[in-house]
Amino acid sequence: MVRVRGLHKKYGDFTAVDHIDLDVPRGEVFGVLGPNGAGKTTTLRMITGLIAPDRGDVVIDGHDLGREPVNARRVTGFIPDRPYVYDKLTTLEYLRFIGGLYKMKANHVADRIDELLTLFGLKEWADSLIESFSHGMKQRLVFCGALLPEPSVLVVDEPMVGLDPRGHRLIKSLFRELVADKKMSILLSTHTLEVAEEVCDRIVIINHGRIVARGSLGELRLESGQTDGNLEQVFLRITEESQAERDQAVAERFGHEPGERS
Ligand SMILES: Nc1ncnc2c1ncn2[C@@H]1O[C@H](COP(=O)(O)OP(=O)(O)OP(=O)(O)O)[C@@H](O)[C@H]1O
């Protein structure tokens, strides 16, 4: 499970993530939604330990990321928004390299690789150089690499980019299968709201680095007043309302600056 408390990150004077609290139990797909620049990637990268927060705590399966970074990362799989892979390796070399990093036993690595390449339709490219792969094939390979060590927490940033419709279907059903036996938690950020609607048990909506709504789709519908709406309608209503509240707060604050009063 994932427990996040008071996560905060500034870039210079700009606050990218502002006091985020999250709890993701095992067996749950948890969606992190928000407009461009809302702070989703920064939040997910802090949860995986790739960016250090200015303040706040992240605990992964009982391991505090600040105090036990290796133990916390050992159980975390990360699929970033762009597939960074070593182009000059073959599929097998790349996956064996990952197995080595996680100190997996060679026969277990071989079994897992076979299983994952079959699942992701890459078996016939096992000996091909990654540089010959399309964007979607690289994305499938990144999924294989992240799942190889059987993480208990999977953090996924924009998983659908580059995938064809068959890939979309595979990933959506895979997410539900991975959490079905309650051994894994998935934290997922996406702009593809149809995917979030289909796979997420609960959702937070972030805007300007802050959580502006959280709950199941049903709860978000109630909160937004869009009781029959789909997630897109609910998302647009909530983000528009939070933007209007923010604009009003800024106007009130700066509209009453001493120098501007008559
Ligand atoms: N390294 C950095 N230096 C300065 N500002 C940054 C840096 N990384 C992110 N930001 C800023 O922090 C804010 C949040 O960025 P982030 O990438 O987390 O947003 P996001 O919600 O993932 O957006 P998108 O949906 O467009 O991918 C943005 O305004 C971005 O410009």
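Mean separation of Cα pairs under 8 Å and 6+ residues apart, divided by the residue count of the stretch 37-120: what relative contact order is that in percent?
Numbers: 40 pairs, mean separation 12.2, N = 84.
Once normalised by length, the contact order is 14 percent.
If r is the Cβ-Cβ distance from PHE254 to LEU129 and R0 is 45 Å, what FRET efficiency results, to the nearest 0.05? After rounding, the FRET efficiency stands at 0.20. For LEU154, the residues whose modelled amide H falls within less than 5 Å of its own, excluding neighbours fewer than 5 places apart on the same chain, are GLY77, SER185, ILE186, LEU187. Here the calculated FRET efficiency for VAL75 and ALA106, from their Cβ-Cβ distance with R0 = 25 Å, stands at 0.75, rounded to the nearest 0.05.
By the gyration tensor of its Cα atoms, with a ≥ b ≥ c the square roots of the eigenvalues, what is the shape of the chain: rounded for a/c under 1.5, prolate for a/b over b/c, or oblate? If you can, show how the numbers build up before the last one.
Working: a/c = 2.09, a/b = 1.76, b/c = 1.19.
Verdict is prolate for the chain.
For VAL212, the residues whose amide H sits under 5 Å from its own are ILE205, ILE206, ASN207, ignoring neighbours fewer than 5 places away on the same chain, with H placed 1.01 Å from N. Counting only protein heavy atoms and a probe of 1.4 Å, the accessible surface of the stretch 1-62 is 48% carbon and sulfur.
Take every DSSP beta bridge whose two residues both sit in the chain; close to 55 percent of them are antiparallel. Magnitude of the charge dipole for the stretch 39-113, about its Cα centre and with charges confined to Cβ atoms of Lys, Arg (+1) and Asp, Glu (-1), is about 160 debye. Take every pair of alpha-carbon atoms less than 8 Å apart whose residues are at least six positions apart; their mean separation over the length of the chain yields a relative contact order of 25 percent. With contacts taken as Cα pairs under 8 Å at a separation of at least 6 residues, the stretch 187-262 carries a relative contact order of 22 percent. Dipole orientation for the chain: of the candidates LEU236, GLY121, PRO165, GLY121 has the Cα lying most toward the positive pole (charges on Cβ; Lys, Arg +1; Asp, Glu -1).
By accessible area of protein heavy atoms, probe 1.4 Å, what ranking do LYS88, LYS103 get, highest first?
Numbers: LYS88 145, LYS103 170 Å².
Per-residue accessible area, sorted high to low, gives LYS103, LYS88.
A 1.4 Å probe run over the protein chains yields, for the stretch 126-262, 50 Å² of accessible area per residue, whole-number rounding.
Given a 1.4 Å probe and the protein chains as shown, GLU245 ends up with an accessible area of around 120 Å². Placing +1 on each Lys and Arg Cβ and -1 on each Asp and Glu Cβ, with no other charges, gives the chain a dipole about its Cα centre of roughly 780 debye. Note that the stretch 32-85 presents 47 Å² accessible area per residue, ligands and nucleic acids not counted, probe 1.4 Å. Counted over all Cα-Cα pairs of the stretch 32-160, pairs farther apart than 22 Å make up 40 percent.
Over the chain, DSSP H runs of length four or greater, each weighted -39,500 (n - 2.57), average out per residue to a 222 nm ellipticity of -13000 deg cm²/dmol. Simple rule: put +1 on each Lys or Arg Cβ and -1 on each Asp or Glu Cβ in the chain, find the dipole, and look at GLY77, THR15, SER134; the Cα lying farthest toward the positive end is GLY77.
Suppose every Lys and Arg Cβ carries +1 and every Asp and Glu Cβ carries -1, with no other charges. What dipole size does the stretch 178-246 come out with about its Cα centre, to the nearest 20 debye? Before the final figure, lay out each step's value.
Details: 8 positive and 12 negative charges, 73 e Å.
Dipole of the stretch 178-246, to the nearest 20 debye: 340 debye.
Roughly how many Å is it from the Cα centre of the stretch 1-62 to that of the stretch 142-212, as a whole number? The two parts, judged by their Cα centres, are 16 Å apart.
Taking the Cβ of HIS208 as the centre, find all other residues whose Cβ is under 15 Å away and add up their charges (Lys, Arg: +1; Asp, Glu: -1). All intermediate terms of the calculation are to be shown ahead of the outcome.
Details: positive: LYS9, LYS10, LYS40, ARG210, ARG246, ARG253; negative: ASP13, ASP18, GLU240, GLU241, GLU245, ASP247.
With Lys, Arg at +1 and Asp, Glu at -1, the neighbours total 0.
Toward the positive end of the charge dipole of the chain, with +1 on the Cβ of Lys and Arg and -1 on the Cβ of Asp and Glu, the farthest Cα among MET1, LEU65, VAL29 is that of LEU65.
The values are calculated or read from the model by the stated rules, or taken from the named source; none is laboratory data. Because the structure is a prediction, the values reported are computed rather than measured. Using ideal geometry, Cβ is built from the backbone for each residue, glycine included, and neighbour counts are taken over all protein chains shown. Side chains are part of the model used for accessible areas, which takes the heavy atoms of the whole protein and leaves out ligands, DNA and RNA. Shrake-Rupley method; radii C 1.70, N 1.55, O 1.52, S 1.80 Å.
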